[in-house]
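> Here's a structure for you.
The values are calculated or read from the model by the stated rules, or taken from the named source; none is laboratory data. What you see is a predicted model, and the numbers here were worked out from it, not measured in a lab. Glycine also receives a Cβ, built like all others from the backbone with ideal geometry; neighbour counts cover every protein chain displayed. Heads up: the accessible areas ignore ligands, DNA and RNA and are worked out on the full protein's heavy atoms, side chains in. Shrake-Rupley method; radii C 1.70, N 1.55, O 1.52, S 1.80 Å.
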Amino acid sequence: MPAPLWHRRSRAGTWRLAIPVLGAPALAVCAGDSEVEEPAPLGDAIPIEYPLEMWDRGIEGETVLQVRVNELGDVDSVAVIETSGHEPLDSAAAEGARAMRFQPGRKGGRDVPVWVRIPVRFSRRPSPES
């Protein structure tokens with residue numbers, strides 16, 4: 001089960017959804033015998049805009065993304081691999097993921113591109129950690 005997500009209020013007064021990057025298995029683009037160290041997110045959480053129209057209608061859901069982190073720590077590809085069933089939630093998750101920054105994945109002492117799976121849960125209920 002994915003780690004819980006939490007809400008926080010931005011200075012502008014809009015609600016944002018923050019997600020931790022989970023320790024899901026990463027898939028290395030490069031083949032070889034040595035293991036790949038997963039990319040580490042820079043910062044504690046990634047703010048993702050909860051679409052206002054979905055919030056107002058009480059619509060919640062979870063989108064699972066596959067994100068490619070390049071050797072510089074930038075996200076250069078995002079794919080929705082499990083839809084929430086609501087295009088605005090899926091789009092918000094993908095847009096937020098594109099803005100993420102990481103410490104690059106490493107293999108054999110070198111920075112390498114790596115795919116990471118990231119679940120994003122949109123919920124109006126705050127988690128116990130908030």
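> Applying the selection to the range 86-130, what residues are of a type in the set (Phe, Trp, Tyr) and out of contact with any helix residue (DSSP H, G or I) (no Cβ under 6 Å at 6 or more places or on another chain)? Write out each step before concluding.
Restricting attention to the range 86-130, the residues satisfying the condition of being of a type in the set (Phe, Trp, Tyr) are 102, 115, 122.
Passing the criteria: Phe102, Trp115.
> Before we move on, is Val64 among the β-branched types (Val, Ile, Thr) and at pLDDT below 95?
Here the answer is no, as Val64 does not meet what is asked.
> Taking the range 43-70 as the search range and keeping residues that are of a type in the set (Gly, Ala, Ser) and assigned to a loop (DSSP other than H, G, I, E, B), which one is surrounded by the fewest Cβ atoms within 10 Å (Cβ to Cβ)? Let's see the steps before the verdict.
Step one: of the range 43-70, the residues of a type in the set (Gly, Ala, Ser) are 43, 45, 58, 61.
Still in the list and also assigned to a loop (DSSP other than H, G, I, E, B): 43, 45, 58.
Working: Gly43: 11, Ala45: 15, Gly58: 7.
The residue in question is Gly58.
> Which strands (runs of 3 or more DSSP E) does the range 71-130 wholly contain that include 3 or more residues that are closer than 23 Å to Ala40 by Cβ and either of a type in the set (Asp, Glu) or open to solvent by less than 50 Å² (accessible area, probe 1.4 Å) (or both)?
Numbers: elements: 75-82, 105-107, 110-112, 114-122.
Fully inside the range 71-130 and qualifying: 75-82, 114-122.
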